[in-house]
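Here's the structure we're looking at; comments come further down.
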Amino acid sequence: MNYQDGIDQTLLIKEDERIYGDRNKGKLARKCKRYRLIDVFAGAGGMTLGFSKMCGHAFEPVWANDFNAYCVETYNRNFGYHCVAGDIVDILKDPSTVIPEADVVIGGPPCQGFSLLNKNREGDPRKQLWRPFLEVVERSKASVFVMENVPQLLGSFEHGEIIGTAESMGFKCWSEKLTAADYGVPQKRRRAFIVGCRHMDPALIFPPKKTHYDPGNGNFQKSFPQIGNIGHIPGAARWRTVRDAIADLPKPEGTEIRAENSPLDLHFGRSPTPKSMARYSAIPEEGMNRFDLQKRAPELTPACWIRKKSGGTDLFGRLWWNRPAFTIRTEFFKPEKGRYLHPVQHRPITHREAARLQSFPDEFRFTGSKIQIARQIGNAVPPLLAARVADVVYLLLTMKEKRND
């Protein structure tokens, strides 16, 4: 099969521009057809949020799964009660399981098997969880799948296995690393995406056009008049910053989740020790980190940091107001784990601030303990990044409709 048969490049470009315009004007929400969506390894539903509510409501979630019961509760609270808790391998083995038909299957098989933070990643069984993902794709008869993972997946042996298996199922595949800040997320998180499509080559229209640009890129600034020709949408905005995301929030109060339906429900602090407060105060300027702490207050610096002469430049680091955040991980409330100190206040960022830096809207409701919610936030695909991928998936599916007319 020639996946490019009948595909007019000019038509693709025009259709791409129309979909971006319709989404920005809210017109996609008024489309008659909504494509059916399944989310495997859904977590709290960051990808579903991007596809179903941040892409003009063009996708309707019909089934989802996650192993973590807290994630399932959060997902169901926000999208309806169709997320199933449990091990996907066991669920697929159960003869009573019915996977509904869908147009698209999305998901991020657990990435710890590929992560550089996993010292035992060789032979990690979590590297093989893409197999049940593709089984769901096959059983749902989906035309398109989107798999998300850590950047280290691309170029690995398993990456080759995934592409080979998907192609044997009749899919043509595209894969690349995307930076969340290029799509409106106030965070420089990088993620790998693999997109498979049965009816055309997704490489014809992927990656999504960037909606935001790095204002510090001098070469980009010089070519700004030609912005539409270098991978960005016309009129792209500058990267969103920490200031854009959290500057309007007041100082946090208390140390517990608040029972109120407002952005302040997750905007609570911690109870730092006097030594922790002294460390925060010793590095008051934006961008400082553990090396600055050692220079300014060696008596407050842990011995293990003093012995470690290189690496870890973001540990115990302060965010910059006018830059995107670094990757928000699951323990963002611990400054010793990364660059998670507020730009000016002597504290780590709150759960609400982390959720905003991940591009979750304030109305999204998380459930569970403080630690469980932090994991849901840190493990999520930034919804805005997912939404821009969804724009192009929508284009793939509308082109299929046009070919079938």
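The values are calculated or read from the model by the stated rules, or taken from the named source; none is laboratory data. In this text, all values refer to a predicted model and were calculated from it rather than measured experimentally. Here Cβ is always computed from backbone atoms with ideal geometry, including for glycine, and neighbour counts include all displayed protein chains. In case anyone asks, the SASA skips ligands and DNA or RNA and just uses the protein heavy atoms, side chains included. Shrake-Rupley method; radii C 1.70, N 1.55, O 1.52, S 1.80 Å.
Protein heavy-atom surface of region 331-383, 1.4 angstrom probe: 49% of the accessible area is carbon and sulfur, with nucleic acids and ligands not counted.
With a ≥ b ≥ c the root eigenvalues of the C-alpha gyration tensor of region 157-314, is it rounded (a/c under 1.5), prolate (a/b larger than b/c) or oblate? It comes out prolate by the Cα gyration axes.
Relative contact order for region 196-342: 18 percent, from Cα pairs under 8 Å spaced at least 6 residues apart, divided by residue count. Estimated at 0.36 nm per residue, the fully extended path between ARG77 and ARG238 surpasses their Cα-Cα distance by 54.6 nm. Using a cut-off of 32 Å between Cα atoms, the listed pairs LYS177/LYS400; LYS251/LYS295; LYS309/LYS334; LYS209/LYS251; LYS141/LYS337 include LYS209/LYS251; LYS141/LYS337 as exceeding that distance.
Here the extension length gained between LYS33 and ASP87 equals 16.2 nm, from 0.36 nm per residue of separation less the Cα-Cα distance. Mind running the shape call on region 120-200? Use the C-alpha gyration tensor, a ≥ b ≥ c as the square roots of the eigenvalues: rounded below 1.5 for a/c, prolate if a/b tops b/c, oblate otherwise. In terms of gyration-tensor shape, oblate. Applied to region 103-109, the Karplus parametrisation 6.51 cos²θ - 1.76 cosθ + 1.60 on θ = phi - 60° returns per-residue 3J(HN,Hα) values of 8, 9, 10, 10, x, x, x Hz, with x for Gly and Pro.
Accessible area per residue for region 35-87, computed on protein heavy atoms with a 1.4 Å probe, is 33 Å².
Protection proxy ranking, highest mean first, for peptides 333-343, 260-270: 333-343, 260-270, where packing is the per-residue count of other beta-carbon atoms within 10 Å, averaged. Taking amide H atoms as placed 1.01 Å from N in the peptide plane, the amide H of ARG323 lies under 5 Å from those of VAL242, ARG243, each 5 or more residues away in sequence or on another chain. In this structure, the amide hydrogen of MET288, modeled 1.01 Å from its nitrogen in the peptide plane, lies closer than 5 angstrom to those of ARG318, counting only residues at least 5 positions away or on a different chain. Here's the picture: charge each Lys and Arg Cβ at +1 and each Asp and Glu Cβ at -1 in region 196-325, and of GLY269, ALA236, TRP320 the one pushed furthest to the positive end of that dipole is TRP320. Take each peptide in 85-91, 311-317, count the other Cβ atoms within 10 Å of every residue, and average; sorted highest first, the result is 311-317, 85-91.
Full extension of the chain between GLU256 and ARG307 gives 14.8 nm of extra length, using 0.36 nm per residue less the Cα-Cα distance. Ranked by the mean number of other Cβ atoms within 10 Å of their residues, highest first, the peptides 72-84, 150-162, 345-357 come out as 345-357, 72-84, 150-162. Here each label is just a point 7 Å from Cα along the line to Cβ, and for GLU331 and LEU249 those points are 2.0 nm apart. Each Lys and Arg Cβ is given +1 and each Asp and Glu Cβ -1; about its Cα centre, region 278-405 then shows a dipole of about 420 debye.
Anisotropy class assigned to region 310-405 is prolate, per the alpha carbon gyration tensor with a/c at or over the 1.5 cut-off and a/b larger than b/c.
Of the trypsin sites (Lys or Arg not before Pro) in region 173-218, the ones in a loop by DSSP (not H, G, I, E or B) with at most 16 other beta carbons within 10 Å are LYS188. Each Lys and Arg contributes +1 and each Asp and Glu -1, all at the Cβ; summed about the Cα centre of region 232-343, the dipole is approximately 600 debye. Taking 13 Å as the cut-off, no amide N atom of region 43-83 comes nearer than this to a point 7 Å along the Cα-to-beta-carbon line of LYS141.
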